Amino acid sequence: MEKILFIAHTEGDGTLSNITLEALTAAAALADKLADATLITGLIGHDVKAAADSIATCGTVKTLAVEGPDYAVSRYASDAAAIEALVQTSGATIVLGPGTSRFARAVPGVVQRLKGRIETHVSGLDVTEGTLQIQRWYYRQRMVARLTRAQRPWFLLTDAGVFPAWNGTAGAATVEAVNVKPGSDFSRTRVIGIQSASGNSQTIRPDADVLFVAGAGWSKKQADGQTHAKEAEELILGFLSNCNASLGSSKSLVDQSHEGEAVLSFMSHLNQVGQTGSTPRHPKGLSTCCHGEEPHAVGWRFINERRAINLDANCGWAQGKADVLYVADAFKVITKVNQLLAKQ
């Protein structure tokens, strides 16, 4: 019989993030699929009662918590101690949580302490003949693998956008406190504040409904023989603002900063999609001025609806890589789209 421990940390306001609720969906579904499995919830944060109540009806048989000022912020020493205590108290054989940066730092150390095994970037869970199999991608999402392990405890960190977010009703949870003795290393790292990007400069939004990908064509010479980088910046930022979209980029565009060509000032390698970049998951995507090279297309594999704007109907992106292709000038199209969005 498997004991499944769902681990989560609260956000600054005491709530659970969207990726955490997605992982909860995976944990609850797994508990239903595995015979005689039980689901236990383990929460970490300053005050977890509100978060515990919000997911009280998820099917958990017990809610454990490590809470207090020491656990309000991300710190390896305190997070690792809290997770270790939750696993030992619950007797969990499978530990499942969201692949947040906080857990990505702390969980691997706990795995070593408890002599377990870990899989990160989990993108699927299945039970075949009573055996749990997980799915994950390798080589920049070009190869998919299905894995199973006999070693326990087995730690699983899920990717964002894979599972639907849990949206059950709230309840009244009975929270069982798990005491962790603060170590001397708890105070070695101090969080003195949080510095966030301004609304205008924030271009990466993982939860956005639309991913806007800009290609190198935005910085090339246009029909008048001149580059219009400043106009391109205004159009792209206007679209991101009007749609609350996330910004992606082809590798060729972000690499231009090293080649002495005109570049978009707000673009960095963090925006890169495909090849050595990320593989985002958004409901819709709009690619503009991209040539559709295979690495870039691989980066778009998990976009549900892919559209593109390009003047060349025979470009690589048009050959089966986009669901809809608009053969037009991206400057003119986005200008018109921004005008229409501004009126809404």
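Quick look at the values:
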item	result
Helices (runs of 4 or more DSSP H) completely within segment 234-344 that count 1 or more residues being at pLDDT 90 or above, assigned by TED's automatic domain parsing to the domain that holds Trp218 and in contact with a strand residue (DSSP E or B) (Cβ under 8 Å, 6 or more places away or on another chain)	330-343
Residue tally, condition at pLDDT 95 or above and either in contact with a His (Cβ under 9 Å, 6 or more places away or on another chain) or not hydrophobic (A, V, I, L, M, F, W, C) (or both), over segment 34-47	8
Filtered residue count, segment 120-160, keeping only those that are in contact with a helix residue (DSSP H, G or I) (Cβ under 6 Å, 6 or more places away or on another chain) and of a type in the set (Phe, Trp, Tyr)	1
Residue within segment 22-30 that is within 21 Å of the chain's Cα centre (by Cα), in a helix (DSSP H, G or I), among the β-branched types (Val, Ile, Thr) and in the same structural domain as Thr158 (by TED's automatic domain parsing) present	yes
Matching strands (runs of 3 or more DSSP E) fully within segment 129-223 where at least 3 residues are aromatic (Phe, Trp, Tyr), touching a Leu at 6+ places or on another chain (Cβ under 7 Å) and in the same structural domain as Phe239 (by TED's automatic domain parsing)	none
Selection status of Arg190, surrounded by fewer than 16 Cβ atoms within 10 Å (Cβ to Cβ), within 27 Å of the chain's Cα centre (by Cα) and either at pLDDT below 90 or acidic (Asp, Glu) (or both)	yes
Given (1) touching a residue at least 40 places away in the same chain (Cβ under 8 Å); (2) surrounded by fewer than 24 Cβ atoms within 10 Å (Cβ to Cβ); (3) within 26 Å of Thr279 (Cβ to Cβ), number of the condition Gly91 does not satisfy	(3)
Failed item in (1) free of Cβ contacts under 8 Å to residues at least 24 places away in the same chain; (2) within 21 Å of Ile309 (Cβ to Cβ), with Asn244 passing the rest	(1)
Residue count for segment 154-164, restricted to those that are aliphatic (A, V, I, L, M) and at pLDDT 95 or above	2
Residue list for segment 143-166, filter: under 18 Å from Ala104 (Cα atoms), within 21 Å of the chain's Cα centre (by Cα) and not β-branched (Val, Ile, Thr)	Phe155, Leu156, Leu157, Asp159, Ala160, Gly161
Top-ranked residue of segment 1-49 - restricted to ones that are crowded, with 17+ Cβ neighbours inside 10 Å, in contact with a helix residue (DSSP H, G or I) (Cβ under 8 Å, 6 or more places away or on another chain) and among the small types (Gly, Ala, Ser), ranked as nearest to Gly68 (Cα to Cα)	Gly45
Hey, Asp36 without any contact (Cβ under 8 Å) to a residue 12 or more places away in the chain and charged (D, E, K, R) or not	no
Failed item, numbered, when Val73 is tested on (1) within 19 Å of Leu156 (Cα to Cα); (2) within 24 Å of the chain's Cα centre (by Cα); (3) not in a helix (DSSP H, G or I)	(1)
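Table: residues versus (1) on the phi < 0 side of the Ramachandran plot; (2) buried (at least 20 other Cβ atoms within 10 Å of the Cβ); (3) in contact with a strand residue (DSSP E or B) (Cβ under 9 Å, 6 or more places away or on another chain).
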residue	(1), (2), (3)
Ala51	yes, yes, yes
Glu67	yes, yes, yes
Arg75	yes, yes, no
Ser78	yes, yes, yes
Glu84	yes, no, no
Gly97	yes, yes, yes
Lys115	no, no, no
Gly130	no, no, no
Gln135	yes, no, yes
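The values are calculated or read from the model by the stated rules, or taken from the named source; none is laboratory data. Everything numeric in this text was worked out from a predicted model, so none of it was measured. Cβ coordinates were reconstructed from backbone atoms using ideal geometry, including for glycine residues, and neighbour counts include every protein chain displayed.
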